[in-house]
Amino acid sequence: MNPTLDKFLGGKQGAIGLAVLATLILVVFPLALDAFRLNMVGKYLTYAFVAVGLVLCWGYGGILSLGQGVFFGLGGYCMAMFLKLEASDPESTKIQSTPGIPDFMDWNQITELPLLWQPFHSFGFTLLAVIAVPVILALVIGVAMFKRRVGDVYFSIVTQAIALILTVLIIGQQGLTGGVNGITDLKTLMGWDIRDDSSKMILYFINAFLLFGCILIGRFILASKLGRLLMAMRDKEERVRFSGYDVASFKIFVFCVAAAFSAIGGAMFALQVGFMSPSFVGIVPSIEMVIFAAVGGRMSLLGAVYGALLVNYGKTYFSETFPELWLYLMGGLFIAVVMYFPNGLAGLWESHGRKWLGKLSRKPAPSKAPAPTAETPAATSQPRELETTP
């Protein structure tokens, strides 16, 4: 296999695993599920972006961020701002006191579009902002924390505090952000109605291809020298530092990559679901995102996707079937995974799946040799002479 291609695919086994996941997402789900359920799976896959980033950041880099909902929310809000402006044209908002601005601004007696919103009339600027805004924030946090060697549980607490601060800020600035209700009633993308079933199907496939792109980028990073350094930093950070490497810069880089992945997921969430609210930014959703990676296996990029699908399907199924008990059932699921499968679904595959496949692929034992005949003389029982050196 081509060395460059091998880095992207993760070798033969990685290519097989990627093909299985692609078949499941791109073929099985679209054929087996109706439009409503398929859109729900698409929503689950937007969380998988965050889980894939956490595998890089936490699983390999040893950086446990409990604030990834911040970057997910920022990406979603950037996309939602563009969509909301498109849905707030003067004709659609002519009944408002001030036509041409979002409805929640009119309710809050704002008479002019704020300066912060004006660049989001441009779709190109919006795409740039979806990535740039979360990455810039991650860069600021990373420089402030890692350059001062703040890590482990202290970094996790700081990211939780940032998630709480941003949630309070979004809710408090109701005239700018829509407050606790968020930005809702998103209808079109550059004139294309995103609410009908065919549009949601197209967005599902766009979402899936972007997710596979992030997985390939993650595999390329892990297959490079940087990936080996990340694992070394996770296990023996001081040894890597004494070897002359700038540990802080590597941590900042992988933290920014995880933030970018999360932001892409947030933007796709706003497109597929049609709204964005502060309920996806706070501490609780950020911890849930860590659970997605833990259930799938924090050392497996593909496992993170399966973890996001399984946990979110469990939430949906339990809440629909057992509306009064679903929280307890979800808690039991997490406890069971931690107790019996500490390495997640990927660890379960490593310990049992490969063994099972090995048994299936094992060649049958050779049949008993026939009795010697005149045509097949019996082999002598004398051992072969050992080779001797002069």
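Some observations on this one:
- Subset of segment 167-201 (residues that are in contact with a Lys or Arg (Cβ under 9 Å, 6 or more places away or on another chain) and either surrounded by 13 or more Cβ atoms within 10 Å (Cβ to Cβ) or not basic (Lys, Arg) (or both)): Gly178, Ile183, Thr184, Asp185, Leu186, Lys187, Thr188, Asp193, Ile194
- Options Ala270, Ala294; residue that is of a type outside the set (S, T, N, Q), more than 13 Å from the chain's Cα centre (by Cα), surrounded by 23 or more Cβ atoms within 10 Å (Cβ to Cβ) and in a helix (DSSP H, G or I): Ala270
- Subset of segment 109-120 (residues that are of a type in the set (S, T, N, Q) and either surrounded by 14 or more Cβ atoms within 10 Å (Cβ to Cβ) or closer than 17 Å to Ala80 by Cβ (or both)): Gln118
- Unmet criterion (only one of (1) under 31 Å from the mean Cα position of the chain (by Cα); (2) of a type outside the set (A, V, I, L, M); (3) not in a loop (DSSP other than H, G, I, E, B)) for Asp106: (1)
- Qualifying residues in segment 272-318 (those that are of a type outside the set (Phe, Trp, Tyr) and touching a strand residue (DSSP E or B) at 6+ places or on another chain (Cβ under 9 Å)) - the one farthest from Ile215 (Cα to Cα): Ser277
- Test result for Phe209, part of a helix (DSSP H, G or I), touching a strand residue (DSSP E or B) at 6+ places or on another chain (Cβ under 9 Å) and either on the phi < 0 side of the Ramachandran plot or surrounded by 16 or more Cβ atoms within 10 Å (Cβ to Cβ) (or both): no
- The condition (being over 26 Å from Gly274 (Cα atoms), aliphatic (A, V, I, L, M) and in contact with a Leu (Cβ under 7 Å, 6 or more places away or on another chain)) is satisfied by just one residue among Leu21, Leu45, Leu64, Leu56: Leu21.
Bear in mind that the values in this text are calculations on the coordinates, not laboratory data. Computed from a prediction, not measured in an experiment: that's the story for all the values here. Because the Cβ atoms are built from the backbone with ideal geometry, glycine has one as well, and the counts that use them run over all protein chains shown.
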